[in-house]
Structures are given as C-alpha cells and as structure tokens.
Amino acid sequence: MLAESHGECPADLMAPNVKAACDEQMPRLKGVFERLGPLQKTTFERTLSKEGNAVPVEIYNVEFQHGTWEWQVRTDETGKLHILWAPQARLSSTSPLTA
C-alpha cells in the first residue's frame, strides 16, 4: 500500500488484471494520494462474504495524514492482489487541501 500511495503499481503484488487497472487509474489517483498526505497506518477491519464467492474480501481502513480510505482486497492462489477496490476517500475537515 505504501508503494501505491507513492504512485506506483507494484507488479510483484498485483495480479495482471489489477496491475492493468491500477496503471490506468493512477494518473487520476495521484491527486487523491497527494491530498490525503503520507500514509499513517493500515488496520484490518473485517471480512465481507459476497454471495457466490467462496473467498471473502478483506476490508482495511487505511489512514493518511489528512483522511481515511476503506480498501477491499482479495488475494489469489499466488498471494497477489486479485481484487483491490476502494470507494471514495474521505478527507478530514482539517486537511489543508480540501478545497
């Protein structure tokens, strides 16, 4: 996650489909990461089972200096990220970059 917060999509951590999606979206996401500021910590919150999927998605709360972001991840049999989905980040009201 730290590498991604610096604008990189690490191939050694991502399945090819996730890497391709990350590369495509990173130009837009760089601005989000800049507004959020440095990564502070990542906390496992819970698992979420979706109907029809044997493997649950893990939910993490990712805290940055100026906000938080919930990330949902699932790894494949090789240990690489098979799913990486993140709804909209939440900037804190004290962020100097909320405007």
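The values are calculated or read from the model by the stated rules, or taken from the named source; none is laboratory data. None of the values given here were measured: they were computed from a predicted structure. Ideal geometry is used to build each Cβ from the backbone, glycine not excepted, and the neighbour counts take in all protein chains shown.
Going residue by residue through region 22-44, is there one that turns out to be surrounded by 15 or more Cβ atoms within 10 Å (Cβ to Cβ) and of a type in the set (Asp, Glu)? No: zero hits. Might you let me know whether region 73-81 holds any residue that is of a type in the set (Lys, Arg), outside any strand (DSSP E or B) and at pLDDT 85 or above? Yes, region 73-81 contains at least one residue that is of a type in the set (Lys, Arg), outside any strand (DSSP E or B) and at pLDDT 85 or above.
Of a type in the set (S, T, N, Q) and in contact with a Ser or Thr (Cβ under 9 Å, 6 or more places away or on another chain), is that true of THR75? It is false that THR75 is of a type in the set (S, T, N, Q) and in contact with a Ser or Thr (Cβ under 9 Å, 6 or more places away or on another chain). The residues in region 30-60 that are assigned to a helix (DSSP H, G or I) and either free of Cβ contacts under 8 Å to residues at least 24 places away in the same chain or more than 17 Å from ALA89 (Cα to Cα) (or both) can be counted, and the count is 2. Residues that are under 12 Å from the mean Cα position of the chain (by Cα) and without any contact (Cβ under 8 Å) to a residue 40 or more places away in the chain are absent from region 10-17 altogether.
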